[in-house]
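Some notes on the structure that comes next.
The values are calculated or read from the model by the stated rules, or taken from the named source; none is laboratory data. Computed from a predicted model, the values in this text were never measured in an experiment. Don't worry about glycine lacking a Cβ; one is built from the backbone with ideal geometry, like all the others, and counts go over all protein chains shown. Please note that ligands, DNA and RNA were not included when accessible areas were found on the heavy atoms of the full protein model with its side chains. Shrake-Rupley method; radii C 1.70, N 1.55, O 1.52, S 1.80 Å.
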Amino acid sequence: MRQYILQQNIELFRRQLAGPSDEATHRTLCMLLMSAERDLAYIIADEKGVQPRVSSRWVAGAFSGASERVAEYWRSVQNSAHPYLLLDPGPGLHIVDVNDAYAQATMTNRSAIAGRSLFEVFPDNPADPSADGVNNLFISLQIAAETGRPHEMAIQRYDVRDLRGNFVERHWQPINSPVYDDNGNLICLLHHVEDVTAEVQSRQHRLEQTAAITGPARTQGGANEI
């Protein structure tokens, strides 16, 4: 029932956003839409995962039922200097494993998060009403599972918790790829990210500096013209 209500609300908010509205109303509708989409992503991820559903569940931290070819594939990724997470696409979207680079980038512990739900470990920052990381990541995982092809997301702000549990601003460049066994069955999804926080913050800082310089100049120029 809650899923149906959320879907109806999402359609309603989208229709209202398509029509005329003042800035404050538009902002409120955007916040309501993002909140509803996030809640819906949580529910579907927990109850269904992403399609197509796997026929058997992974054993956390192990390659139960997987071919040696896939196991060898993960071992090569596991030792990569780039962050990788292996995800069970079934209900709950449970984390199979992460490599050391991913654990370091996200300030997590491999043994502590293996077997847990993806969005339990990485929820949206509750202090950021505009956070859309959960919904956008879930959509990307769905696309990868449905199309059978890697899906590259746009740069995504997705805050993560530090060792004290406080959310820290982070920006990522994610790619989600389906992984198949020797029979062509989808058995997991590979989530690869690169931390681009420094680049994004540097670009934002330059824009703020430019605005601070050009803003007064434009104001002064306008005054002189008058």
Exercise. Return the total of residues in the stretch 75-98 being within 17 Å of GLN173 (Cα to Cα) and part of a loop (DSSP other than H, G, I, E, B).
Key: 4
Quiz item: Restricting attention to the stretch 82-98, does a residue exist that is over 30 Å from LEU33 (Cβ atoms), modelled with pLDDT of 90 or more and open to solvent by 30 Å² or more (accessible area, probe 1.4 Å)?
Solution: yes
Quiz item: Does LEU141 satisfy the criteria of being in contact with a Phe, Trp or Tyr (Cβ under 8 Å, 6 or more places away or on another chain) and in a helix (DSSP H, G or I)?
Solution: no
Quiz prompt | Unmet requirement for THR108, which otherwise passes all of (1) crowded, with 17+ Cβ neighbours inside 10 Å; (2) within 30 Å of ARG27 (Cβ to Cβ) | solution = (2)
Practice problem: Those residues that are at pLDDT 85 or above and touching a helix residue (DSSP H, G or I) at 6+ places or on another chain (Cβ under 8 Å), I need them from the stretch 7-16; list them, please. | Solution: ARG14, GLN16
Self-check item: Close pairs (6 angstrom Cβ cut-off, 6 or more residues apart or separate chains): in contact (Cβ under 8 Å) with a residue 40 or more places away in the chain in the stretch 183-203, among the polar types (S, T, N, Q) and open to solvent by 20 Å² or more (accessible area, probe 1.4 Å) anywhere
Solution: LEU190/SER177; GLU194/GLN173; VAL196/GLN173
Quiz item: Looking at ALA154, ALA103, which is the one that is modelled with pLDDT of 95 or more, surrounded by fewer than 20 Cβ atoms within 10 Å (Cβ to Cβ), under 23 Å from ASN79 (Cβ atoms) and of a type in the set (Gly, Ala, Ser)?
Solution: ALA103
Quiz item: List, please: which pairs have Cβ atoms under 9 Å, are six or more places apart or on different chains, and start with a residue in the stretch 99-119 that is under 18 Å from HIS192 (Cβ atoms) and end with one that is of a type in the set (Lys, Arg) and assigned to a loop (DSSP other than H, G, I, E, B)?
Solution: ALA105/ARG170; THR106/ARG170
Practice problem: Please find, within the stretch 139-151, the residue that is farthest from ILE187 (Cα to Cα) out of those that are of a type outside the set (D, E, K, R) and open to solvent by 10 Å² or more (accessible area, probe 1.4 Å). | Solution: ILE139
